[in-house]
Each structure stands twice: as C-alpha cells, then as structure tokens.
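Take a look at the structure below.
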Amino acid sequence: MTEKPDPWRVPIAVLQIPDTGLHRDLEAGEATRHAVADIGGLREVLSAHASFDVTPKSGGRYHVTGQVRARIGQTCVVTLEPIESDIDEPIDMIFAPPEQIPELSDLVDDAAENNEEIPDPPEPIENGIIDLGKVATDALYLAVDPYPRKPDAVFEPLVEAADPEDHPFAALKALKAEAKPAGANKPKGK
C-alpha cells in the first residue's frame with residue numbers, strides 16, 4: 001500500500017530563517033482543501049488557515065508557535081445529515097536536527113519518570129526543512145471530532161415489543177412439534 005503524499009506543503013528551509021525568526025500566514029487553496037479532506041476522511045474542508053511564528057533556539061532547534069483554523073464538513077453519526085464544524089487549534093512545537101532527537105526524547109522520558117510536566121518530544125528537521133503545511137494539516141486532523149453529531153441529535157434505539165414466540169428455543173420447539181408422530185400424545189393401551 002502506497003502512502004499518500006502530504007496534501008498541504010509549505011516547506012521552510014531552516015538556513016533561510018533569520019536570527020529574529022519569521023512569521024508566515026497560510027491559506028489552503030481549493031485543490032489543497034480537497035486533498036486534505038480526501039486524505040483525512042472528511043466530507044469537505046470549506047476553509048483552512050494557519051498562522052506561524054518560527055523562532056531559532058540554541059543547538060539548531062526551532063520553536064514553532066501559531067494557530068490553525070478551519071471549517072470542515074462531516075456527517076452526523078446519529079442522523080447521517082451533513083454538518084459543519086470549526087477547528088481552532090493552537091500550535092507549540094520544537095523542531096530539532098535528527099541526531100538530537102534520541103537525546104531530547106530521553107529528557108522527555110526522564111520528566112515522565114520524575115512526575116514532572118512532560119514536554120512534547122521534538123519533531124525532526126528533515127533535510128533542513130520544516131514543513132509548516134504538514135504541521136497545519138496534522139493539527140487539523142488531530143482536532144477533528146471522530147464522532148461528530150448535530151447539537152440536537154439524540155440516539156434512540158429501536159424498541160420492539162417482545163414476541164412471545166421469539167425466544168432462543170422457539171426454533172427447537174417448532175422442530176419438536178414437527179417430529180411428533182400423529183397420536184403421540186394419546187395414552188397407550190386404551
């Protein structure tokens with residue numbers, strides 16, 4: 001099975017990020033929104049915007065903060081009617097050179113063992129690139145409600161009156177009645 005490509009790509013070369021950092025506002029075009037919906041299993045993505053600040057840190061790391069906002073179309077799990085939902089997801093991530101990831105992941109594990117607040121492990125900088133489109137898409141997918149329902153939708157199970165002839169042994173009873181020969185209920189010898 002081939003993996004589908006990232007639907008929203010906005011690569012930023014880390015060598016081109018100034019010491020003061022950079023700001024990027026992104027808006028997904030129609031083709032990108034269709035691809036995001038297709039890969040994410042959504043009925044549609046009506047709009048998708050992201051705003052990022054990328055700040056250099058020591059050791060070749062970069063701090064990415066921002067916000068992803070989107071309006072998506074899904075199907076209500078109760079009524080099966082189309083519904084729309086808004087996503088407003090904050091972003092706060094650290095990107096690091098790949099060779100630093102094992103060391104930084106150990107720091108995350110140490111924090112977990114010491115009951116400290118557990119930071120998210122850093123993401124790797126791949127081939128000198130931070131892909132802000134992928135960051136936005138991943139945040140959008142994580143924020144999607146997997147079981148969307150309309151605010152007034154209530155699941156009411158179908159209730160049927162119990163049929164006295166519909167019980168686990170009804171079929172056995174029918175077979176037994178068919179198997180009795182005629183006159184089997186008459187007393188013998190009379």
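The values are calculated or read from the model by the stated rules, or taken from the named source; none is laboratory data. Keep in mind that this is a model prediction, so the values were computed, not measured. Every residue, glycine among them, receives a Cβ derived from its backbone with ideal geometry; neighbour counts consider all protein chains shown.
A compact table of results
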quantity	calculated
The stretch 104-153: number of residues that are hydrophobic (A, V, I, L, M, F, W, C), modelled with pLDDT of 60 or more and within 23 Å of the chain's Cα centre (by Cα)	10
Failed item in (1) touching a His at 6+ places or on another chain (Cβ under 7 Å); (2) farther than 15 Å from V144 by Cβ, with G59 passing the rest	(1)
Test result for V14, crowded, with 16+ Cβ neighbours inside 10 Å and under 18 Å from the mean Cα position of the chain (by Cα)	no
Residue that is farthest from H63 (Cα to Cα), among those in the stretch 77-103 that are among the charged types (D, E, K, R) and either modelled with pLDDT under 70 or loosely packed, with under 15 Cβ neighbours inside 10 Å (or both)	E81
Any hit, the stretch 51-62, residues being buried (at least 17 other Cβ atoms within 10 Å of the Cβ), of a type in the set (F, W, Y) and either modelled with pLDDT under 95 or farther than 25 Å from G128 by Cβ (or both)	no
